[in-house]
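Below: the structure, in structure tokens.
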Amino acid sequence: MQWDLGLQGLGVLALMSLAFGVIAQVLFWRLGNRWLWLIGGLVYFVAGIFISEVMFGWATAEELQPNIDGLSFDEVLLGGVLVGLVVLLATWLVSRRSPAHGSPMRP
């Protein structure tokens with residue numbers, strides 16, 4: 001397997017990850033913890049690299065459009081959002097039940 005993700009592709013992925021993290025923090029402002037943006041952004045970034053380089057690494061630039069310096073943009077956008085939302089919801093459920101936020105069983 002050959003990794004072909006360039007600096008411009010990494011930059012676009014980093015911006016997409018940051019935007020996802022900020023949007024997640026805004027949407028979960030009162031419901032989540034203050035580190036939700038970082039968790040969401042990191043998960044999106046890792047999922048984006050995995051999707052672009054492992055799942056679609058076999059495809060050529062002509063087969064995957066738009067392809068930004070080795071980044072399969074559409075596939076990363078869709079897959080990153082789906083994986084990110086699942087992880088954010090799981091993080092929200094776990095942090096909601098933590099002692100810092102109080103037990104959901106208390107009246």
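The values are calculated or read from the model by the stated rules, or taken from the named source; none is laboratory data. Everything quoted here is computed from the prediction, not taken from an experiment. Cβ sites come from the backbone with ideal geometry, for glycine too, and all protein chains shown count toward neighbours. Surface accessibility is based on the protein's heavy atoms, side chains included, excluding ligands, DNA and RNA. Shrake-Rupley method; radii C 1.70, N 1.55, O 1.52, S 1.80 Å.
Report yes if some residue within region 42-49 is of a type outside the set (Val, Ile, Thr) and modelled with pLDDT under 90; otherwise report no. Before you say what the answer is, go through the steps one by one.
Filtering region 42-49 for residues of a type outside the set (Val, Ile, Thr) gives 42, 44-45, 47-48.
Still in the list and also modelled with pLDDT under 90: none.
No, every residue in region 42-49 fails to be of a type outside the set (Val, Ile, Thr) and modelled with pLDDT under 90.
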What number goes with the only condition from (1) in a helix (DSSP H, G or I); (2) farther than 30 Å from Arg96 by Cβ; (3) free of Cβ contacts under 8 Å to residues at least 24 places away in the same chain that Glu63 does not pass?
(1)
Filter region 50-71 down to the residues that are open to solvent by 70 Å² or more (accessible area, probe 1.4 Å) and modelled with pLDDT of 80 or more, then identify the one that is farthest from Trp92 (Cα to Cα).
Met55
Search result, residues across region 5-34 that are at pLDDT below 85, over 16 Å from Val86 (Cα atoms) and surrounded by fewer than 14 Cβ atoms within 10 Å (Cβ to Cβ)
Gly6, Trp29, Arg30, Arg34
For Leu82, only one of the following conditions fails: (1) at pLDDT below 85; (2) under 13 Å from the mean Cα position of the chain (by Cα). What is its number?
(1)
I'd like the full set of residues that are polar (S, T, N, Q) and outside any helix (DSSP H, G or I), limited to region 26-60.
Asn33, Thr60
